[in-house]
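Before any comments, here is the structure.
The values are calculated or read from the model by the stated rules, or taken from the named source; none is laboratory data. Only a predicted model underlies this, so the values are computations on that prediction, with no experimental measurement involved. Note that we place each Cβ from the backbone using ideal geometry, even for glycine, and neighbour counts take in every protein chain shown. Accessible surface is based on the protein model in full, side chains and every heavy atom, while ligands, DNA and RNA are left aside. Shrake-Rupley method; radii C 1.70, N 1.55, O 1.52, S 1.80 Å.
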Amino acid sequence: MTEKERDRRIKDVGTLKALAHPLRAQLYRLLTIARTATASQLADQVDEAVSLVSYHLRKLAEHGLIEEAQARSEDGRERWWQPATEGISIRDEDFRDAPEKAAAHTAASRLFFEQRADMFRRYLDERAHWSDAWTTASESAEWLLRLTPDELAALAREMYAVVRRYEERGREAVEAGDTEGREHVAVHTYGFPFRV
């Protein structure tokens, strides 16, 4: 994959709504994991018809979220896809200037949260099938802090930088052929104010 833009910031409702469809969000996540895939490969993973998956992939491409990738096989009929950027970001401040934009952002955020929660629920259900090394390394924590908005923003930036370092380390290792003992790992963080 060529050098790509890091974390494209989604600022328009149309792109947000395109991604906030449950199947499209799932396909985008799977494509991010696979790096490249065909509609057929993705359809097998989501248990949907190839034609439906192809339709949703084209919708993601229309909004610049994914793009065609170089073919990985001799079969010229297969269309390969890849993420268009090295990640995306969606910020509240880009959607709070109009009620319909704020509502779309809230709906998208709820969908993404539910899909992330489903991933963790699946891990909990399958935990007995993972090795002791993986279950010992797995983490679930909650910290209840007293911070200012600036401190919360700084904390988020620091955590983001740490995760990016590990993401790059893992990607470089896999590209060098070091795949022994490596699994896909999801890291979800949430930082938000609350009152008691």
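Pairwise Cα distances in the stretch 66-170 exceed 24 Å in 55 percent of cases. Using bins of 10 Å that start at zero, the share of Cα-Cα pairs per bin across the stretch 4-82 amounts to 18, 55, 24, 3, in whole %. Residues in the stretch 145-152 carry Karplus couplings, in order, of 10, 10, 10, 8, x, 5, 5, 4 Hz; the curve used is 6.51 cos²θ - 1.76 cosθ + 1.60 with θ = phi - 60°, and Gly or Pro positions show x. Helical runs assigned H by DSSP (4 residues or longer) give the chain a calculated mean residue ellipticity at 222 nm of -17000 deg cm²/dmol, each run adding -39500 (n - 2.57) before division by the residue total. The residues of the chain expose, per residue, 71 Å² of accessible area to a 1.4 Å probe. A convex hull fitted around the alpha carbon atoms of the stretch 139-196 yields 82 Å³ per residue.
Scattering from the chain was approximated by placing one identical point on each alpha carbon and applying the Debye formula without solvent; log10 I(q)/I(0) at 0.11, 0.14 1/Å stands at -0.62, -1.03. Beta bridges from DSSP with both residues in the chain: antiparallel share about 55 percent, rounded to the nearest 5.
Surface composition of the stretch 1-101: carbon and sulfur make up 45 percent of the accessible area, probe 1.4 Å. Ordering 11-20, 119-128 by mean Cβ neighbour count within 10 Å, with the highest value first, yields 11-20, 119-128.
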